[in-house]
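The values are calculated or read from the model by the stated rules, or taken from the named source; none is laboratory data. Quantities reported herein were computed from a predicted structural model and do not represent experimental measurements. Heads up, the Cβs are rebuilt from the backbone with ideal geometry, glycines too, and the neighbour counts pull from every protein chain shown. Areas reflect the complete protein model, heavy atoms only, side chains present, ligands, DNA and RNA absent. Shrake-Rupley method; radii C 1.70, N 1.55, O 1.52, S 1.80 Å.
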Amino acid sequence: MTLDPNVPEGPLHEKWDRRKENYSLVAPNNKPNKDVIVVGTGLAGASSAASLGEMGYNVKTFCISDSPRRAHSIAAQGGINATKNYPNDGDSIWRLFYDTIKGGDYRSRESNTYRLAQNSSNIIDQAVAQGVPFAREYGGELANRSFGGAQVSRTFYARGQTGQQLLLGAYGSMMRQVDAGTVSMFPHREMLDLVVKDGRARGIITRNLYNGEVERHTADAVVLCTGGYGRIYYLSTNAFNSNGTAAWRCHKRGAFMANPCYVQIHPTCIPQSGEYQSKLTLMSESLRNDGRVWVPDDKDDCDKPPSQIPESDRDYYLERKYPAFGNLVPRDVASRNAKLMVDEGYGVGPNQNAVYLDFQTAIEQKGRDYIEDKYGNLFEMYEKITGEDPYEVPMRIFPAVHYVMGGLWVDYDLMSNVPGLFVAGEANFSDHGANRLGASALMQGLSDGYFIIPHSLSNYLAENRHDLDDISGDESAFDEAEDEVRTNIQKLVDASDRNREKPSDQQSTVMDIYKRLGRLTWDNVGIEREEESLRSAVDQMRELRHEFWNSVVLPTDTDKFNKNLEVAGRVADFLELGELMAKDALHRDESAGCHFRVEHQTDEGEALRNDEDYSYVAAWEYQDDGDGQPEGWNLHQEDLEFEFVELKTRSYK
Amino acid sequence: MASDSMDFHLKVWRQDDRESDGELVDYPNVAHDISPHLSFLEMLDLVNERLIERGDRPIAFDSDCREGICGTCGIVVNGQPHGPKRKTAACQLHMRAFDDGDTIYLEPWRADAFPVVRDLVVDRSSFDEIMQAGGYVSVQTGPKPDGNSIKIGKDVSDQAFDSATCIGCGACVAACPNASASLFTGAKVSQYAVLPQGQPERERRVLRMVHEMEDQGFGNCSNIGECQAACPKDIDLDNIARMRREYVRAAAKKGSPNPDEAEV
Ligand SMILES: Cc1cc2nc3c(=O)[nH]c(=O)nc-3n(C[C@H](O)[C@H](O)[C@H](O)COP(=O)(O)OP(=O)(O)OC[C@H]3O[C@@H](n4cnc5c(N)ncnc54)[C@H](O)[C@@H]3O)c2cc1C
């Protein structure tokens, strides 16, 4: 089946205006009777909930954490892009659009990406009005810095805590609506199923993580803002509780999963220091403004302290290979090159698993105060983790899983193929193609939540008002979904009880399996992929799934706070998603952005696309084996039409 | 430098749920063979794996970002919220901060306004209630003047940021003998009191937030200063002083300290 993205006609710059003009509206007196569920309170969720609440809808928000303010967006460091052109360096909507399309290696939808660039300036204005303390110049104007994949300085930031400040702005706006009575909050709730009634999304089933109660919530529409599934790799920069469960349960209820193999590996993270490690820490890309990446020229120098390696014996390989962009090449290019250096034996540090990111030149030229003002908290964070002072010794960095471009398929209105289920933020697949440029996820989350969802969702409610009958939550669709949730929890308890009877060497903890799943995904669906290993990964995923159910032991109290039980459910879902990621990567027999198939590269080792055969979005439809597990997937394609930009081979030289 | 493998004796607060009584339970030999490079929470992860393997209930604690910004984790370590290192959340604490053979006490945040959920996990929804009472600038989503139309000096912007950096973890409350939330509330009040965007609601905000803080059962501030010492973001006590000034100013200007009576 070919999917219709439902893009408005007309020139690129008129599409969104035209669409908005044609949207139907809900009358003010009807809005309080319309219930909207927003799952997730990151940038996408908090901004959606605040805006929908302000419009007068009856909004319910849900999050896993004990407070909505703790959503993973809080951890974003470096910044947010906008086309203000304050530095007068030639930026424009077109240029941000073009950089994003090119950065994504021509695998995103033109119309969505253009709209994102159009909305970017309004986001900054909105955040400033909220009192978000962005960095300022002495004269009082907003400051900018540069991020990878761009030759202009368009990134706005609040020290190294941009996500925190933007989220607190959105959270504040949402709390104002809680105070006004239009938004009600349901924290420490995990969404465990979507309720689809008469073909439409009409509610969700949640579990209260404090007391285990399973609850039903009804709505006229559901907005899913549950973030990305990068934690499938176990080690990543994502927060511990980030997961794919909400999206996966929607997928199992019929929503298509698009481009699941597009995963971004961020080039600048603190390398792993041991087996026990639970997460990897990002060092913001903004550091590449002033930091220079290098390895020793000579492998024998890798053990030496960096200060003993003279300038002339260092290989600043990004500057050498990509003179036009230098240290600011896009993430996929930087990551692959770092891996290449380490694989070839130039890795530095105790485990020889890193490259240097060096600030010496910047400190000499601009002064320590300048560096401290711009990156102080990142330097502190680095020192806390490694025990080394980056003002004195260069940082050691290595790529780590960071962001997923893949996600639930949505049309131009950000609605999935299940009517009434909207998806915003990292959870959808929409704007970044096969590689996301830095500082554009925050932009997308807020563009979706403040400026798109409120309009497209209103239109849905208005257009479908006759089909959205009153519901109570007692309908059979709710009974079935709740039953299924209870059964899934009970399955984990039963498995554990059974496995406890086995000899201890046949038992595994949830974390044992989780770590092995992470390793399996990283080794096969990581920075580089190839046919044979992907084939075997599909089988290995199935085997590991089998092993999980036949060996897992966990604490089984279901009516109390039980972290292991929560994580067990997420791992069970990841074990299914992993198979689909490997299948998607296998089927995409080309390289594009972060999806680097070793079989398809240029003579210079760059990703080689195949526009003839793969210029489409792969949207997968789930097929159940009758026992609640995947039997397979059907592929649907959305053809990517490039009306306005010419497809080229990316070059950052 | 600590040795490569360390052993610790843990004493952990175990409490099954909000209603149950809790007690300190001894774990003399689960935290053995610990690498000094482990973070404090990774040490707990490991201890929990060992407890699960032998069929015991793991120690309930919560965490999310594990890089000191989300404010989820919070454990009183040897009597100090977030442990012995200044300006460091529990998740950023590493075992190299301890000595081999140490006895380590782990307890939850203790405050009436933060009921225990289980073991080391507490419910901090009272903080959300305070924020709901005014921790924002009231602007609708929609077209706004250009960001540069409001000029804000770098010093003012930096000052606002220093307050805004609060992660809402609650260590300030846990550290305070009165379980006061003044540092938390003061930081939010101060951020908007210095910024031009915060001016229209300046009085209403401080009166409402301070009242909500009291309603939630937090104690009074008696200038002890433990809160700043425990704060992983080193939020300054000046924020409390400013909140007090703002409060007096607002009450005088609006005719009453009570937000329901004041002309806000
Ligand atoms: C360390 C780090 C730094 C980053 N820095 C930048 C940056 O500088 N610039 C940039 O543009 N991007 C950055 N990113 C990416 C960006 O932060 C994220 O892509 C973005 O914040 C995601 O926002 P979101 O609203 O989609 O989801 P999230 O912020 O991940 O929020 C997800 C929400 O969903 C809830 N949730 C999840 N599952 C469920 C469930 N089953 N039931 C109920 N609730 C659920 C969670 O509790 C949470 O509230 C960074 C990412 C990381 C990891």
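Numbers for the structure displayed
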quantity: Dipole of the protein assembly as shown [Lys/Arg +1, Asp/Glu -1 at C-beta], most positive-end residue of A:ASN144, A:TYR262, B:GLY22; calculated: A:ASN144
quantity: Part-to-part distance (alpha-carbon centres) for the stretch A:129-170 and the stretch B:39-76, which is given in Å; calculated: 34
quantity: Percent of beta bridges antiparallel (DSSP, chain B, rounded to nearest 5); calculated: 70
quantity: 10 Å-binned pair-distance histogram of the stretch A:256-374 (Cα, whole percent); calculated: 12, 40, 36, 10, 2, 0
quantity: Simple Cβ-charge dipole of the stretch A:490-639, Lys/Arg +1 and Asp/Glu -1, about Cα centre, in debye nearest 20; calculated: 1040
quantity: 10 Å Cβ shell holding at most 10 others, DSSP loop, GluC sites (Glu not before Pro): longest site-free stretch of chain B; calculated: B:20-262
quantity: Candidate lysines - alpha carbon under 29 Å from B:LYS151, same-chain residues fewer than 8 apart omitted; calculated: A:LYS84, A:LYS366, A:LYS374, B:LYS188, B:LYS233, B:LYS253, B:LYS254
quantity: Rg(Cα)/(2.2 N^0.38 Å) for the stretch A:188-273, N = residue count; calculated: 1.30
quantity: Check: the stretch A:102-144 dipole with +1 on Lys, Arg Cβ and -1 on Asp, Glu Cβ, in debye; calculated: 240
quantity: 222 nm mean residue ellipticity, helices alone, for the protein assembly as shown (DSSP H n ≥ 4; -39,500 (n - 2.57); rounded to 500); calculated: -11000 deg cm²/dmol
quantity: Separation between Cα centres of the stretch A:562-626 and the stretch A:92-109, rounded to whole Å; calculated: 22
quantity: Summed side-chain charge close to A:PRO296 - residues other than A:PRO296 whose Cβ falls under 9 Å, Lys, Arg +1, Asp, Glu -1; calculated: -3
quantity: Given charges at beta-carbon only (K, R positive; D, E negative), |dipole| of the protein assembly as shown in Debye; calculated: 2480
quantity: Loop-located GluC sites (Glu not before Pro) in the stretch A:388-457, at most 15 other Cβ atoms within 10 Å (DSSP); calculated: A:GLU388, A:GLU392
quantity: Gaussian network model of chain B, Cα within-10 Å springs - most flexible of B:GLY55, B:GLY142, B:GLY217; calculated: B:GLY142
quantity: Accessible surface buried once B binds A (1.4 Å probe; total of both sides; Å²); calculated: 6500
quantity: Under 21 Å from the Cα of A:LYS197 - lysines, other chains or at least 8 residues apart; calculated: A:LYS34, A:LYS60, A:LYS252
quantity: Per residue value of the accessible surface for the protein assembly as shown (all protein chains in place, 1.4 Å probe), Å²; calculated: 34
